[in-house]
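Report on one structure; see the data block that follows.
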Amino acid sequence: MIGLMLLVSLLLLFIAFCLLREEGGIARGLKPWLFAAPFLIAALALQICVSGTITGSFLFIGSVSMMGMIAAFIPSER
Amino acid sequence: MKSLTIKKLYTIHSWVGVITGILLFVVAFTGAVAVFGRPELKIWASPEIRTPLTLDPIRIEQLVHEYAQKVPANHFDAISISVPGVRSASALLIRYEYHGHDHENGGPDSVIQYDFDPRSYQLLNEKRSDFESLFADWQYDVADFIVNFHADLHLGRPVGLLITGLLGLTLMASLVTGVIIHRKILRQMFTFRPFKGFSLLVNDGHKVMGIWGVVFHGLIGFTGAFLGLALVILVPAAAYVSYQGDMDALIEDFTAAPEPVLAQVDAPTQIAGPLRHAFNFHPDSVATSTRIVGYGDQNAVIYTNMIGGPQMYGQTLEYQGASGEFVQAFGNFGKVDGVSGIILDIMFPAHFGNFGGVLVKIVWTLLGLSTALLPLSGIMLWLERGINSANPKFRVTTYQRFNRLVIGSCGGVVVACALLFPIQLLLNFTSLNLPNNQLIFGSFFVSWVLCIVWALMAFDAALTVKWMTRITAGLLISVMPLDALLSGSHLFNLFTTQHFVSVAVDWVLFAIGCLLWWLSARWQPRSVAFQSTKIH
């Protein structure tokens, strides 16, 4: 169960970070954050609901680190 | 912040990285492998537990009672049962302990351990010794070796634990200084330009791994420092301040499994019932060991250690020994009030990613590899900037020599770890009667030293990296066919043998080997640090 939830939340986080990516940096405008926020919140909520507050928080730390890194390793244009 | 302060912090960041970088890579890389040390690599390395086990609690209870008749009556201070295939045990171990009640006058501890086959319950081995000797002749396999190497570099207490603990602190120091000196942190969060030269590749890679992984690296540094320094500095210091140096009293006060007050009334201890309850406690939790205190007494207590389950940290299940009734479940530091107990309990799983199953372990391993690559990319960056600087601090050849030392030390530890896998298969499945520990330790350290010597002697550092990568790839690729040839365990008879874990390990190693081979073919660093120093 945790495994399936983790896969879904990793996907949500990846989408969120792709939306927040802007010219090699993180988006500064409001619009990308409004689009990305539901994905970030859904990923965190999913992890906490399925595995509890403590486990979910640690999972979220690991997931954000990994998916952020993967999104950042897509070669940038700049 | 003043530019002078930033410059000072940059100097600290650089030199901490250059001095501790190699060792940090070694510890972080072996840590990334150690995430899968137990139980996955342990199962792969132990042919007797490759097929999933179902232990019979009634049979275990019979064995405990039967062998209790054969040991001296004073060996019931505690009886420990280690479940195979979960932590370090590969056989069912039942241990009868005498704790030497005259410790102050040098009274000895004594232990009698019986090893049983976990399927037939036949006696395999018997050992009678003190605690220290019992673990001194431990036969290491690849899993034990890598996990223990990560913990204390096989230097033991206190030196090894001090080194790894201090490395956790230096990692944290590097992270803090790195975040402060990196002023364009938001503008470069997604900047990665791999096709615009080696220097930019390393620079962007270092920043991306540092920025995105900062919380994870901090978590690993903090928990690593705690796990390393707790036993050698924190506990003795706390005992000295508050317990007149009595560490046992401190540990007893903090841990939640107290010794029972014995009634001195005989009553048979129920073992099968508590074991059955523990084995079925939660679908995601696994019993690792059971400890019976006060065996044969009316007030006997049974504690079973569990890992996994609904909470992040391991739990201990308490049972009343005479009736076998479940009393309570608690964390190891359940006695400590507030959040402190929970924080102490989650240190170990948070460090090793040992919660939430295999996917969490994969995430922790990948992030652990980024923790290992962080100091390595930092050193490469320092070399690049040093060589290309208008006023280099050292000669180009000095930078190149240091680069070769880094390649030999870091590449060497990767080659040495990869070599352990085919060595383990030769130990397990050939009748050559090879000396276990000498071969495991010897092959690891000799190959590591040879790689360092090779890198230092070779003229072309880029070529050395290429060939070290190819050797690692070749060793990993060889594991799967070698395992199939020697043990007969492979994908095509998976459902007959049920070797799900070991076959998965074989294929993962094969895939990593192929990936490394592919990377070695693309490896062409355009950097002065990697230029050939051969004089034509």
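Less than 5 angstrom separates the built amide H of B:Thr288 from those of B:Asn305, B:Met306, B:Ile307, all sequence-distant by 5 or more or on a different chain. 3J(HN,Hα) along segment B:378-383, derived from phi through the Karplus expression 6.51 cos²θ - 1.76 cosθ + 1.60 where θ = phi - 60°, amounts to x, 5, 4, 5, 5, 5 Hz, with x in place of Gly and Pro. Per-residue shielding of B:205-218, expressed as the average number of other chain Cβ atoms within 10 Å of the residue Cβ, stands at 4. Does anyone have the angle between helix B:159-181 and the longest principal axis of chain B? Alpha-carbon axes, 0 to 90°, nearest 10? Tilt relative to chain B: about 50 degrees. With 29 Å as the limit, the listed pairs B:Lys70/B:Lys335; B:Lys196/B:Lys393; A:Lys31/B:Lys361; B:Lys7/B:Lys466 have B:Lys70/B:Lys335; A:Lys31/B:Lys361; B:Lys7/B:Lys466 beyond it between alpha carbons. Remark on B:Thr51: its backbone amide H falls under 5 Å from none of the residues 5 or more positions apart or on other chains, H modelled at 1.01 Å from N.
Remark: mean inter-chain Cβ contacts per residue of B:363-374 equal 2, using a 10 Å Cβ-Cβ cutoff to other protein chain atoms. Rounded to the nearest 20 debye, the dipole size of segment B:394-536 about its Cα centre is 740 debye, using +1 on the Cβ of Lys and Arg and -1 on the Cβ of Asp and Glu.
What is the diffusion coefficient of chain B in µm²/s, taking the Kirkwood radius over Cα pairs and the Stokes-Einstein relation at 10 °C with a viscosity of 1.306 mPa s? Taking Rh from Cα pairs, D becomes 62 µm²/s. Dipole of the protein assembly as shown computed with +1 at Lys/Arg Cβ and -1 at Asp/Glu Cβ about the Cα centre; of B:Thr51, B:Gly474, B:Ile233, farthest Cα towards the positive end is B:Gly474.
Run lengths n ≥ 4 of DSSP H only: what is the helix-derived mean residue ellipticity at 222 nm for chain A, with -39500 (n - 2.57) per run over all residues, to the nearest 500?
Dividing the helical sum by the residues of chain A leaves -27000 deg cm²/dmol.
How charged is the neighbourhood of B:Glu252? Take every other residue with its Cβ under 13 Å from the Cβ of B:Glu252, and add Lys/Arg as +1 and Asp/Glu as -1.
Once positives and negatives cancel, what remains is -3.
Look at the stretch A:19-32: the mean tally of other chain Cβ atoms within 10 Å of its residues' Cβ atoms is 3. Tally Lys and Arg at +1 and Asp and Glu at -1 over the other residues with C-beta under 13 Å from the C-beta of B:Ser199: what net charge comes out? Neighbourhood net charge equals +3. Ordering B:Ser443, B:Gly205, B:Ile22 by the projection of their Cα atoms onto the charge dipole of the protein assembly as shown, which places +1 on the Cβ of Lys and Arg and -1 on the Cβ of Asp and Glu, puts B:Gly205 at the extreme positive end. Per residue, chain B reaches -18000 deg cm²/dmol at 222 nm when only DSSP H runs of four or more residues are counted, each adding -39500 (n - 2.57).
Taking Cβ atoms as reference points and 13 Å as the exclusive limit, the residues near B:Pro392 contribute a net charge of +2, counting Lys and Arg as +1 and Asp and Glu as -1.
Each reported figure results from applying straightforward, stated rules to the coordinates on display, with no laboratory input. Model, not experiment: these values are computed from the prediction. Cβ: placed from backbone, ideal geometry, glycine included. Neighbour counts: every protein chain shown.
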